[in-house]
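Okay, structure first, notes after.
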Amino acid sequence: MKSTLLSVNNRPLLITFFIICPILCQAVDSDNLLDTCPTDATKQTIFINGYPCKNPANISASDFKTSLLNNKGDTDDFFRSSTNMVTAAEFPGLNTLSLSVARTDLEVDGLVTPHAHPRASEMLFVSTGVVIVGFIDTNNVVFQKVLREGDVFVFPRGLLHYCLNNGFEDATVVSVLNSQNPGVVKITGAFFAADDSEFMKKLKQRLISLSRLKFERLENVSLA
């Protein structure tokens, strides 16, 4: 009798699919198989998805500390902002832990232009100042919020997001991302030259005007 469901001959294929799919569809970095695996910074002779581990005999507490985010970044540019991201490449102790950390400094009216991290969600903590943050989902809906010192906001993985200093003093925010190599895709760098000052000026003005609106959700928004 002909079946309206899956034939007997295809059932092994279905079983195989359900076994393999969870492996292929993982949304985070691979699990750690060791207690620690600080990055081996010596020259690589083979290329793998990630970084090789140091010899366990050479691991020290220094591998798990970084001072790369101690100082304010250089905000002397058109957007009056600076972001310094530290990944496992610079911070050995992060290797295999699915973590990166970043510091962003913004002068008054400083702006971090819309960008996305294809391999990570981001949790942002406001250390000092007042900022407006937002992200745009796949339905072109903007979710925006004013944050003050001590507030935390989450940007979902892969979605465009931005940050603007909305206060009267410099602002500093610290972010943690759930990948040791989150990646950054900037719409300004992908579609427009860095010296396209006219476009940059219009984009900044558009985001500032959006930030002045007192909304938490706004549909069908265009950045043009």
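The values are calculated or read from the model by the stated rules, or taken from the named source; none is laboratory data. From a predicted model like this one, the values you see are computed outputs, not experimental measurements. Glycine also receives a Cβ, built like all others from the backbone with ideal geometry; neighbour counts cover every protein chain displayed.
Scanning region 131-162 for residues that are under 17 Å from the mean Cα position of the chain (by Cα), free of Cβ contacts under 8 Å to residues at least 60 places away in the same chain and closer than 22 Å to residue 80 by Cβ yields 133, 135, 153, 155, 160, 161, 162.
Just a yes or no: is a residue in region 117-124 touching a residue at least 60 places away in the same chain (Cβ under 8 Å), basic (Lys, Arg), part of a loop (DSSP other than H, G, I, E, B) and out of contact with any helix residue (DSSP H, G or I) (no Cβ under 6 Å at 6 or more places or on another chain)? Yes, the conditions are met somewhere in region 117-124.
Taking the listed residues 167, 183, the one that is out of contact with any helix residue (DSSP H, G or I) (no Cβ under 7 Å at 6 or more places or on another chain), at negative phi, part of a loop (DSSP other than H, G, I, E, B) and at pLDDT below 95 is 167, with no other qualifying. For residue 184, the test of being surrounded by fewer than 22 Cβ atoms within 10 Å (Cβ to Cβ) and in contact with a His (Cβ under 7 Å, 6 or more places away or on another chain) is passed.
Modelled with pLDDT under 95 and buried (at least 18 other Cβ atoms within 10 Å of the Cβ), is that true of residue 52? So residue 52 fails the test. For region 59-73, indicate whether the set of residues that are in a strand (DSSP E or B) and among the aromatic types (Phe, Trp, Tyr) is non-empty. No, region 59-73 contains no residue that is in a strand (DSSP E or B) and among the aromatic types (Phe, Trp, Tyr). Do we find a residue being in contact with a Pro (Cβ under 6 Å, 6 or more places away or on another chain) and among the small types (Gly, Ala, Ser) anywhere in region 139-152? The answer is no; no qualifying residue exists. All conditions in (1) of a type in the set (D, E, K, R); (2) under 17 Å from residue 185 (Cα atoms); (3) outside any loop (DSSP other than H, G, I, E, B) hold for residue 145, with the sole exception of (2). Among the residues of region 188-205, those that are loosely packed, with under 15 Cβ neighbours inside 10 Å and modelled with pLDDT of 70 or more comprise 198, 201, 202, 205. Restricting attention to region 135-166, the residues that are over 15 Å from residue 124 (Cα atoms) and loosely packed, with under 15 Cβ neighbours inside 10 Å total 5.
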